[in-house]
Each structure stands twice: as C-alpha cells, then as structure tokens.
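Have a look at the structure below before the remarks.
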Amino acid sequence: MEKYQYQLILKIVSLLLTVKIAFGDWCSSQDLEGLIGFKNGIQLDTSGRLAKWVGQRCCDWEGIVCDNATTSGTRRVTQIHLPGFISTDKDLFRTQMIGHFSLSITLLTSLEILDLGGLVGLSGTIPQTLGMHLQKLQKLYLYGNNLTGSIPESIGKLQNLQELAIHENRLSGSIPSSLGALRKLKSLLLYSNKISGTLPLSLGNLTNLVELDLHENSINGHIPNSIGQMQNLEKLDLSSNLLNGRIPSSLSNLTFISVLYLDTNNLEGTIPFPSRNGGENMHSLGFLRLNENNLSGNLPFNFGQLVSLQRVSLSNNKLEGALPSSLGNLHHLTEIYLSGNFFSGQIPKSLGQISHLIMFNISKNLIQRPLPKEMSNLQNLQTIDLSFNPLNLTSIPEWLPSLLSLSGIYLAGCGIQGRIPEVLNTIKSPIQELDLSMNFLSGSIPSWIGSFSQLYLLNLSRNSLDSFIPRSIAKLRNLAILDLNSNRLTGSITEAFEIEQDSTGGSLTYLDLSHNNFSSGVEEIGVGGQFNIQFLNLSHNNLKGMLSSSLGRLKSIHSLDLSFNKLASNLPEFLANLTTLEILRLQKNHFSGNIPNAFLKLRKLKELDLSDNVLEGEIPEGEPLINFPGSSYSGNKGLCGKPLAPCKL
C-alpha cells in the first residue's frame, strides 16, 4: 500500500510541475498587451532585447521582472529595466531605441520600477494619464531621451514614488504644483530640459527630498521661501536658470545640505547664511556655488561657521568689504573662488590656517598689501590668483618659493615693478602656469625661465621688457601658451619656434609676439616643427622679407595675424594649405601680385583682411572670398571684382 501511495505522490508532483511550466510564467493579458504596444512603438533597438520578446511568457523576457503567480496562474509585471547603458563583465556600451514612447505602458498597473533611461532615440511625450494608472510606481527613470511636451499633472498622484529622473530631455512647460503631493519622493531630477515658469510653492511639501536638481532650464521668478521646509535636502542645484530676487533666508534651515548651486541666475541681495543664532543651521554644507549673480553686501562675519565647506565659489557678484577672519575656521576647505567682486582691505592672516587649501582665487577685487606671511603655511596650495588687485607689489612675496605644491602663479596687474624677480628662480615646486602680465616689468627675460621644465603657460605680456627672447626658452618642451605681446622685445622670433618638440610635433598651440620690435625670423615659421600651433599673432612688428613655405605645414592653425609689418612678396599660395584657418589678417604689409585662386579652399574662413597692400587683379569669384566686406580688400589699388567694383574689360 505504501508503494502505491508513493507513486501517487510522484504523479501529483509531476503534474504540478507540468502546470507551473505551462502556465506559471505567463503574465496577465493586460500586461502582455502593454508590453507588445511598447515594442510596436520602437522601430529600431540596437541592443536586440526587444527582438526576444516573443510568445506569451513575458516574465521570461529580458528586462522584465514579475511578482509571484496569482491563483489564476498568471503573474503581474512589476519592473521594466531597459536602460540605454548595458554593463557586461568586460565593457559598458550604449544602445538606442528609436521610436515612440507608447501610451500602452499605462496598462502595466502593477509596475513599481520603470527604467528607460539613456535611450537617446526614444521620442514622444510622457502620457498625461501615467499618474492615474501606475499607482504603485516607486522609481521612474526617463532621463537622457528625446521626450517633448510637458510634465503631466497626474504625476502628483504617484503617492509611492521615491525617485523621479526625467532630466536631459526636451520637456517644456512649467513644473506642476501637484509634485508637492509626492511625500515619499527622495530624488527629483529635472535638469537640462526647457522647463519654464516659476517654482511652485508646493515644492516645500517634499520634506523627504534629499536631492533637487533643476539646473539648465528657463525657470524664472523668485526662489520660494517654502524651499526651507525640505529638512532632509542634501543637494540643491538651481543654477543656469532665469531666477531673480533675493536668496530666501529660509535656506539656512536646510541643516543637512552639502551641495548648493545657485550660480548663473539673476539673484540679488546679501548672503543669508549662516544664521545668527550660533551657526547651527547648514552645518553640513560642503559645496557652495553662488557665482554669476547680483549678490551684494559683506561676507557674513561668521561665515567660518560653515565648518564642513570644501568648495566655495562666490565669483562675479557685487560683494564688498573685508574678508572675515573666521575664514580660518574652514579647515576642510580646498577651493575658494572670490574673483570679480569688490572685496577690500587685506587678506586675513587666518587664511594660513586652511591647511588643505589647493586653490585660492581672489582676482579682480580691491585687495591691498601687505600679503600675510602666514600664507607660507599653505603647503598644499597649487594655484594662487591675486591678479588685478591694487597690491602695488614692489616685488613678489619672499614666502612664495616656500609653497612646495605650487604649480600656478597668477599675479597679473598687481603693480609689480622692476626686473622679473630673482626670487622666482628659487622656486622648487613644478611651476606649470606663470602669469605676470600687465605689470611694470622692465629689463630682459631671464635665461633661468628655461629651467621651469613643466611650464605650460607663460604670460609676460603688456610690460616693458626689452632685449631678445632668451635661447633657453627653447627648452620648454611642455610650453603650450606663450604670450609676450606689447613689450619692447627685439631681434629674431626664431627662438620661439625652436622649442624642443616631442613625438607629437610640439606642444605650442598659442603664440602671441605682437606689438614688439622684432625684425627677423619670419622665415623660421613652421621650420621648428611646431605643427600643432592654433593661434599665431606676429602683428605690429618690423618683420621683413618673405614667408617660408614651411608656414603651410601649420595644419592645425585657426588664427594667423601678420598684419602691420613690412613683409613683401607675392601673396603665398601655400597659405591655402591652412584649411583650418578661421582668421587671416595680412593688412598693412607690401604683399603684391594676385590673390591665388587656391584661397577658395579656405572654407572655414570667417575673418579676412588683405587691405593696404599692393595686390592687383580680380578677386577669385566664389565663397568664402566674395562673402567678406569691401574693407577686407581696400587700399589695394589694383584689385577689382566682387565685393569691390567690377573689373574693367
């Protein structure tokens, strides 16, 4: 008897397994219809995932997750994962789904997660009824698509929604006030769209929100005071909009915020935080970006109570007054940008206490000397920019060489007088950027400049330097930007074109030697192998002779200015090889002959000036030459043809 009972049990188990195999992975007919409708809206799926959606067992389809089977043997779809980026064990690659976002997606009424993010070809609109049907939705990812239209008001009915990411589309219209009803929402990402209108007051109801990012839209009006009700907010980015008015004082209530970006708007008023009740609010603020606004007033005296700050940018506002000594309390600060304001007085000695500081920029203010010697304690400082302050330095601070991490020195327009200070020759740190432009420097460029082997940028322009370019400058094989314009330099420009090249053909991309007294070396252009140069200005010198055909080897050049010299020859045809040229200025020389027909190859040319030479003949007919005004060719008595007067037969 036991044997027969055992066999019966085996038959029952086998029958149950057969039933599960036959029916258990079937999804409901409603979900099946919704998924097939979505698939039919897609014309091209480069990932091949939708091609595998066949049959009725949609719970087995790639990207689909279902719940447990119901009593009827069917299952409901709860998750759709079809992101544009697919990760494998070896690689991460991007796919496309070109087609229309189908309304049929709203048939999946048990859906909890919908992830279609990063499918750049997915177009259409977000269904207006989405919030009425997908009541169980917790995460909605439709970012990085090509969706248009407005954000549906019905989204406010998704009471279980925790994450809403519809950024990087072309959505327009205003932010619906109904979003304020999403009390469980933790992340709201709407940035990089075309959203307009004002910020709804109801956003303040999102008390569980951790991240709010609306940057790069066209949102206008004031920031509502209700935004201070978001007690759990850690990141707020409203930058690059059209906001105006004052920054609401309620922002100081956001005690957990660590990232605050309000830059590139039209905000005004004073900085309202930290609060005056002891600075307990916003104590977690780590990133503060309020640049490019109309903020005025002083930096609060207790600004240093924001002890978690790591990066601060207040550039390009109308802030004034002295820097508070409390800045020295910001021990975690690594970067501070204060340029383009009206800060006055002296840099506080307490700045030397910010031991982690790597970037300090207070250019274009009203700061005066003396510079505190305590700044020598900033051993992690990599870039210091004191440019365009009335410092009237008699020399460069003696403590500067003691900053062993320093790589960028910007002291333009600081009133430095005399020769280039010898103290720079004692710097042991790997200097990469040195800007001493627009000072009162005189004498020659010292040969020890060539010992700065890591130098990438050297700007000594708009001084009164004389003599020659030192031969040692040829050793600066990493030099990419050399600006010596508006000095009294003489001799040959040859040294600038002999900078040692590497295997890529040289690092120099920007060279400005204009407004000097150079008289020779023009024949060396291109000979030294500087084939990567993009900007070359030798105008307003005394250069004579002919251009070398090696100039035609500068295949990357965008701007060439040889104007106001004494160059004489036929207009070189090899200039037509510079097909990347956008600006060509050759006026006020002695070029003669015809304009070569080959110049028609300069298709990218946006600015041309050949005026005041000795050119003759007909201007080659065709673009781009006929597109320039007559002033581009004036002062050449022998020239004719469009845009000048027609040639005489």
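Values in this text are rule-based calculations from the coordinates and carry no lab data. Not measured: the values here are computed from a predicted model. So basically every Cβ, Gly included, is an ideal-geometry build from the backbone, and we count neighbours across all protein chains shown.
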Q: Multiply the residue gap between Ser249 and Ser296 by 0.36 nm, knock off their C-alpha separation, and tell me the result in nm, one decimal place.
A: 15.5 nm
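Which order results if Ser387, Ser154, Ser296 are arranged by neighbouring Cβ count within 10 Å, fewest first?
In order of increasing Cβ crowding within 10 Å: Ser296, Ser154, Ser387.
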Q: Assuming R0 = 25 Å, can you tell me the calculated FRET efficiency for the pair Lys184 and Leu242, based on Cβ-Cβ distance, to the nearest 0.05?
A: 0.25
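Working from the pairwise distances between different alpha carbons, so that the mean of 1/r is found and then inverted, what is the stretch 24-195's Kirkwood radius in Å?
With all distinct Cα pairs of the stretch 24-195 included, I get 16.4 Å.
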Q. In nm, to one decimal, how far is the modelled label at Asn542 from the one at Ser325, with both set 7 Å along Cα→Cβ?
A. 5.7
Q: Note the angle between two axes, namely the Cα long axis of helix 2-19 and the longest principal axis of the Cα atoms of the chain, as a number of degrees from 0 to 90, rounded to the nearest 10.
A: 50
Q | Per-selection metrics, the stretch 76-173 (Cα): Rg and Dmax in Å | A | 13.3, 42
Q. Where in the stretch 597-649 are there GluC sites (Glu not before Pro) that are in a DSSP coil and have at most 14 other Cβ atoms within 10 angstrom of their Cβ?
A. Glu621
Q) Can you give the percent of C-alpha pairs in the stretch 443-597 whose distance is more than 18 Å? A) 55
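Could you list Met375, Met132 so that the one with the fewest beta carbons within 10 Å of its beta carbon is first and the one with the most is last?
Met132, Met375
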Q | Cysteines, the chain, no other Cys beta-carbon under 4.7 Å | A | Cys414
Q.
Compute the helix-to-body angle for 29-40: its Cα long axis versus the longest principal axis of the chain, expressed 0 to 90° and rounded to tens.
A. 20
Q.
Using helices alone, I'd like the mean residue ellipticity at 222 nm for the chain: each DSSP H run of four-plus residues gives -39500 (n - 2.57), total over residue count, nearest 500.
A. -1500 deg cm²/dmol
Q. If the cut-off is a Cα-Cα distance under 16 Å, which lysines reach Lys648, setting aside same-chain residues fewer than 8 apart in sequence?
A. Lys637
Q: Alpha carbons only, please: Rg and Dmax for the stretch 124-211, in angstrom.
A: 11.7, 32
(Q) Test of understanding: what is the full-extension gain from Asn68 to Thr46, defined as 0.36 nm times their sequence separation minus their Cα-Cα distance? (A) 4.8 nm
Q) With each pseudo-label sitting 7 Å past Cα toward Cβ, what's the Leu92-Lys601 distance in nm, one decimal? A) 4.3
Q: Grab the other residues whose beta carbon is less than 15 angstrom from that of Met230, score K and R as +1, D and E as -1, and report the net.
A: 0
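So which GluC sites (Glu not before Pro) in the stretch 400-505 are both in a DSSP loop and have at most 16 other Cβ atoms within 10 Å of their Cβ?
Glu500
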Q. With each pseudo-label sitting 7 Å past Cα toward Cβ, what's the Thr148-Ser395 distance in nm, one decimal?
A. 6.8
Q.
Give me the extension gain from Ser569 to Ile36: residue separation times 0.36 nm, minus the current Cα-Cα distance, reported in nm with one decimal.
A. 184.5 nm
Q) If you work out P(r) over Cα pairs in 20 Å bins from 0, in percent from the coordinates, which of (1) 15, 30, 34, 16, 3, 1, 0; (2) 15, 41, 35, 9, 0; (3) 18, 55, 26, 1 do you get? A) (1)
Q | Euclidean distance between Cα centres, the stretch 33-111 to the stretch 187-245, Å | A | 32
Q. Which order results if Cys647, Cys59, Cys414 are arranged by neighbouring Cβ count within 10 Å, fewest first?
A. Cys647, Cys59, Cys414
